[in-house]
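One structure is given here, and the rest of the page talks about it.
The values are calculated or read from the model by the stated rules, or taken from the named source; none is laboratory data. Bear in mind that the values here come from a model prediction, so they are computed numbers and not experimental data. Backbone-built Cβ (ideal geometry, glycine too); neighbour counts: all protein chains shown. Areas reflect the complete protein model, heavy atoms only, side chains present, ligands, DNA and RNA absent. Shrake-Rupley method; radii C 1.70, N 1.55, O 1.52, S 1.80 Å.
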Amino acid sequence: MTMTYKNSNQQTSLDTERDTSHRLLLQKADASIRQALPTVSDTHRLHYHLMPQAHWMNDPNGLAYYRGYYHVFYQHHPYSSDWGPMHWGHARTKDFITWEHLPIALAPSEDYDADGCFSGSAVVEGDLLHLFYTGHRVIDGELIQVQCKATSSDGIHLIKDRRNPLITSFPSDGSPDFRDPKVWRHHGSWYMVLGSGRDGRGNVLLYKSQDLTQWEYVGVLAHSDGTQGTIWECPDLFPLGDRHVLLISPMGVKDRRVMYFVGDMDYDVGKFTPEYVGTLDYGPDFYAVQTFSGTERRLMLAWMDAWECDIPSKKDNWAGALTLPRELVLDESGKLRAQPLPELQKLRQRSISVARSFVVEKDQSMPLTDLQDACLELNLVLALNSSTASHFTLCFCYTESSEQILIRYNKATGELYLDTSKIHVGQPGLYKAALHPPGERLELRIFLDRSSIEVFANQGEATITARIYPRSQTTIPRVFALDGQIKVKSLECWNLAK
Ligand code: FRU
């Protein structure tokens, strides 16, 4: 066998060539987006959510606070509004209100990521921002997924690591589905979790490193009990209060709702012991969630769409958006709550608020505001103990089409429903969240953007997120009381900045 050695000058010129070819591919991708901009139709564009300027977006990636900005990268296909060879799109914000779109950060440019730069995360080390991502290839129908790093000193331009791929194959506990590195630091060492699965059970694999480059396999951090999915994608593990929380996005289950586990992490043996499992959001359009690194608060974003569903905005040359930023906290019962960030109050414009309580009489319907804007925040508190109605319904009744979105609460069972079946375009559905046990009050905080709805019940005890594609831009929120009266304790409503 003959071996060839490159001297350091040769190596450097090869590296420069690679960086140049990556840069050219990024420029080409940016040019494709620029060219598509005039063709993007406004019809379903959101007003206060992050979405691609044009073409396809899926998972949030590389969420990190770095040099005064919250950086948000995302899975992006800059050449069409369908999923394709994945790039990393990039935007940043200082306040989650104003977003700045930045040049595309990563493009497939090497053998090891030839078919896509798949999802991953970011950490800050000293002055540098390191992105970890999965290099994806399909050769003769076989998946080859490896773990890679790219580094930036300005938060905009990324250089892929010469030593990539840093993890070249899956361990025997995993399978070829081996992806979505989430990296963090704990007691002076670096840790990485990866999503995978084995024998029909999704799992999370743990790695450890001292220098972010050489990674040693520790073992299976957590796995499905056999009913929780065949492959786990986009794992995220972090401390919250005195517990640890694991988030995963499952494949191989009917609804693919993001699951969270609250439990304890034992770093000595590399095992997470779950104690409580819950659903992070009950809506159809909430997936591949990730939390930020480098922040005091545990902030998260999710992809506000879903696999294998119709996305009507594709015909307008864009697809995909991210949820509102939400903060995760543990409540006194040890369950996870997700709340919209307080920063979002800056979006509020004209308001109507009803300070005193009022009653909606039996079998009556009452309009709540005259704002008529389909871009709004509505906060409603019901006094359940002084309401006799069996059901309460909040309807967003669109005025120029006969479409409706219904939010229904069953007082006896504590079940909350979002019903999008009376919207004519897009995926109709009925989504249920259980609020247990039915309490004295029901608090609903609802964010409606042009083509999205996010419902936060009882301060984030349950959330339901969905994309909706009504034809009309004006809506009147109305409440209905069935079989009895409803006491509304307070009502506030704002139209939000566009
Ligand atoms: C999750 C996911 C990830 C993968 C990415 C590809 O939505 O399937 O596992 O890295 O999307 O775009």
Cβ-placed point charges (K, R +1; D, E -1), dipole of the chain about Cα centre in debye, nearest 20: 860 debye
Nearest 10 degrees, 0 to 90: helix 8-36 Cα axis against the chain principal axis: 30 degrees
Phi-derived 3J(HN,Hα) across the range 323-336 with the Karplus relation (6.51, -1.76, 1.60, θ = phi - 60°), rounded Hz, x for Gly and Pro, is 5, 4, x, 10, 9, 9, 9, 9, 8, 5, 8, x, 9, 8
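Tell me, in nm to one decimal, what length is gained between Asp199 and Ala114 on full extension, where the rule is 0.36 nm per residue of separation less the Cα-Cα distance?
Values: separation 85, 0.36 × 85 = 30.60 nm, distance 2.79 nm.
Residue separation times 0.36 nm, minus the Cα-Cα distance, leaves 27.8 nm.
For the range 48-330, what is the accessible area per residue in Å² when the probe is 1.4 Å?
Details: 9950 Å² over 283 residues.
On a per-residue basis, 35 Å².
Counting pairs of alpha carbon atoms under 8 Å apart in space and at least six apart in sequence, what relative contact order in percent does the range 48-330 give?
Taking the mean separation of contacting Cα pairs over the length of the range 48-330, I get 16 percent.
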Share of accessible surface on carbon and sulfur in the range 120-204, whole %, 1.4 Å probe and ligands ignored, is 48 percent
In whole Hz, what ³J(HN,Hα) sequence does the range 262-268 give by Karplus (6.51, -1.76, 1.60; θ = phi - 60°), x for Gly and Pro? 9, x, 10, 10, 10, 5, 5
Below 18 Å Cα-Cα, how many Lys pairs turn up in the range 390-498? Only count pairs eight or more apart in sequence, or on different chains, if you could. 4
What FRET efficiency comes out for Leu482 versus Lys335 if R0 is 45 angstrom and r is the Cβ-Cβ distance? Round to the nearest 0.05. 0.95
In the range 48-330, lysine pairs 8 or more places apart or on different chains with C-alpha atoms under 28 Å apart total 16
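Could you give the length gained on full extension between Arg67 and Ser472, defined as 0.36 nm per residue of separation minus the Cα-Cα distance, in nm? Kindly include the intermediate steps, with their values, before the conclusion.
Working: separation 405, 0.36 × 405 = 145.80 nm, distance 4.11 nm.
That pair, Arg67 and Ser472, stretches by 141.7 nm at full extension.
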For a protection proxy built on the mean count of beta-carbon atoms within 10 angstrom, sort 69-77, 34-42, 475-483, 443-451 highest first, please. 69-77, 443-451, 475-483, 34-42
Under 5 Å from the placed amide H of Lys271, counting only residues 5+ away or on other chains, we find Asp266
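Below 8 Å, C-alpha to C-alpha, sequence gap of six or more: please give me the relative contact order for the chain in percent.
On the way: 1369 pairs, mean separation 63.5, N = 498.
Taking the mean separation of contacting Cα pairs over the length of the chain, I get 13 percent.
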Once phi is turned into θ = phi - 60°, what whole-Hz ³J(HN,Hα) does the Karplus curve with 6.51, -1.76 and 1.60 give for every residue of the range 169-184, x standing for Gly and Pro? 7, 7, x, 5, 7, x, 8, x, 6, 8, 7, 6, x, 10, 10, 8
Taking Cα pairs closer than 8 Å and at least 6 residues apart, the relative contact order of the range 103-232 in percent is 17 percent
Which order, highest average first, do 318-331, 171-184 follow once you tally other Cβ atoms within 10 Å for each residue and take the mean per peptide? 318-331, 171-184
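Can you tell me the FRET efficiency between Asp225 and Asp127 if r is taken as the Cβ-Cβ distance and R0 is 60 Å, rounded to the nearest 0.05? Spell out each step's value before the answer.
Working: r = 43 Å, r/R0 = 0.72.
The value I calculate is 0.90.
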Can you give the helix-only mean residue ellipticity at 222 nm for the chain, where every DSSP H stretch with n ≥ 4 adds -39500 (n - 2.57) and the sum goes over all residues, rounded to the nearest 500 deg cm²/dmol? -2000 deg cm²/dmol
